[in-house]
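K.L.:
Would you mind keeping the following structure in view while I ask a few things?
None of the figures in this text is laboratory data; all of them are computed from the coordinates on show. Everything numeric here is computed off the predicted structure, so don't read it as measured data. Every residue, glycine among them, receives a Cβ derived from its backbone with ideal geometry; neighbour counts consider all protein chains shown.
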């Protein structure tokens, strides 16, 4: 039995290929139940996100298993091997362990150290549990990966500093305002950057979020995810005076927030400060706004400097994380190798217990027949010793006749018999 991972991710394939290979959440249970029917597959789990699709399997034979799993993947998506083969990577045994540990810790992500992948990994685990496709080894592998991720997060700074413009914007605003609970944020735009900013603000505990966009429907979709309100851009003049934090990322070719509009908002706020981040190119906020008192205005270039510094910090933390993973891979490999003898140990103990019970049953009958207790005890000791040593000693005699000295040496170790002088 061997651990095997086959996958495709953002480093090996463009988005149009990743889309074709992705397995959507509603289809994961069905996919898992199909994958576990592949002849060489004994255990299975599937991770499928926008950046990766990976199949984790326990297989009987590696080469044949790899061929069968690839054939299944292509068949599931109605693809040919030419569609997927150039982009597929694989990992085997310890390499599987190292890979999933790195994935769990965010070391294999597009954004180094991002935490979202751990939640996706846990969802993949739950899907496999519900589909009943996990066995002892993959179950333990996923559990260990969660523990390793926790250890890395606790003992390194891998997630301490923001490395996306959205998270950097929210981090800077938190430095200025501290507690977000009684503050409001106004977000202009409805693209991925604004959606991420909304999620970061929600996670930071912001009191209120307003999303403004030309399409109110799109704004409301984002707002609904964070418990906010979606409005049109025409509402900005009314929302601005009520907002401590403003983040913009629209596709407008002209500024949306001019100096006059911001001045008016400041007067209504009685010059309480506003933190503003313009993530758009071209800019959404007129540069002259930066000259206003009580306005903290940052552009995307300002944040890039912060991000570059934070990336260096995360890279150092990533190096520390790799050391932790090295140790954890060794620990899991030791556990995995130990599982190879579990069934043998269990069978041996069961056999010994059966022999014990047979002898005890005979001893009980001897007592019922009035045999002396000392005679019964002698019978138990003598018979049990003979039963337990007969087959091993026969095997050792045969090994000696065949010149298998390495087997005899191994027996001395297993049976804790000291070497003769």
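K.L.:
If packing is taken as the average number of other Cβ atoms within 10 Å across a peptide's residues, how do 370-379, 192-201, 67-76 rank, most packed first?
P.N.:
The packing order, highest mean first, is 192-201, 67-76, 370-379.
K.L.:
With the cut-off at 1.5 for a/c, could you classify the stretch 1-109 from its C-alpha gyration tensor as rounded, prolate or oblate?
P.N.:
Taking the square roots of the gyration eigenvalues as a ≥ b ≥ c, the stretch 1-109 is rounded.
K.L.:
Ranked highest first by average number of other Cβ atoms within 10 Å, how do 242-251, 381-390 line up?
P.N.:
Final packing ranking: 242-251, 381-390.
K.L.:
Tell me, what is the FRET efficiency for residue 309 and residue 90 to the nearest 0.05, using R0 = 41 angstrom and their Cβ-Cβ distance as r?
P.N.:
So the FRET efficiency works out to roughly 0.65.
K.L.:
Rounded to the nearest Å, what's the spacing between the alpha carbon centres of the stretch 115-151 and the stretch 152-166? Just the number, please.
P.N.:
The distance from the Cα centre of the stretch 115-151 to that of the stretch 152-166 comes to 22 Å.
K.L.:
Quick one: order 276, 366 by neighbouring beta-carbon count within 10 Å, fewest to most.
P.N.:
Exposure proxy ranking, most exposed first: 366, 276.
K.L.:
What's the extension gain from residue 267 to residue 160 if we count 0.36 nm per residue and subtract their Cα-Cα distance?
P.N.:
That works out to 34.9 nm of additional length.
K.L.:
So what's the gap between the Cα centers of the stretch 94-110 and the stretch 301-328, to the nearest angstrom?
P.N.:
15 Å
K.L.:
How much length is gained if the chain between residue 78 and residue 357 is pulled fully straight, taking 0.36 nm per residue apart and subtracting their Cα-Cα distance, in nm to one decimal?
P.N.:
So the extension gain works out to 94.7 nm.
K.L.:
What does the highest-first list of 127-136, 176-185 look like by mean Cβ count within 10 Å?
P.N.:
The peptides rank, most packed first, as 127-136, 176-185.
K.L.:
Quick check on the chain: helices-only [θ] at 222 nm, where DSSP H runs of length 4 and up contribute -39,500 (n - 2.57) each and the sum goes over total residues. Nearest 500, please.
P.N.:
Result for the chain: -18500 deg cm²/dmol, rounded to the nearest 500.
K.L.:
Which whole-number percent is the relative contact order of the chain (Cα, under 8 Å, 6+ apart)?
P.N.:
Normalised by residue count, the contact order of the chain is 12 percent.
K.L.:
Using a ≥ b ≥ c from the Cα gyration tensor of the stretch 220-270 (square roots of the eigenvalues), is it rounded, prolate or oblate, where a/c under 1.5 gives rounded and otherwise the larger of a/b and b/c decides, a/b for prolate?
P.N.:
Oblate is the answer for the stretch 220-270, as a/c is 1.5 or above yet b/c matches or exceeds a/b.
K.L.:
Once you order the gyration tensor axes a ≥ b ≥ c over the Cα atoms, which shape class does the stretch 197-309 get: rounded for a/c under 1.5, otherwise prolate or oblate by comparing a/b with b/c?
P.N.:
Rounded is the answer for the stretch 197-309, as its axis ratio a/c remains below 1.5.
K.L.:
Taking neighbour Cβ counts within 10 Å as the exposure measure, how do 278, 409, 90 sort from fewest upward?
P.N.:
Listing 278, 409, 90 from fewest to most nearby Cβ atoms yields 409, 90, 278.
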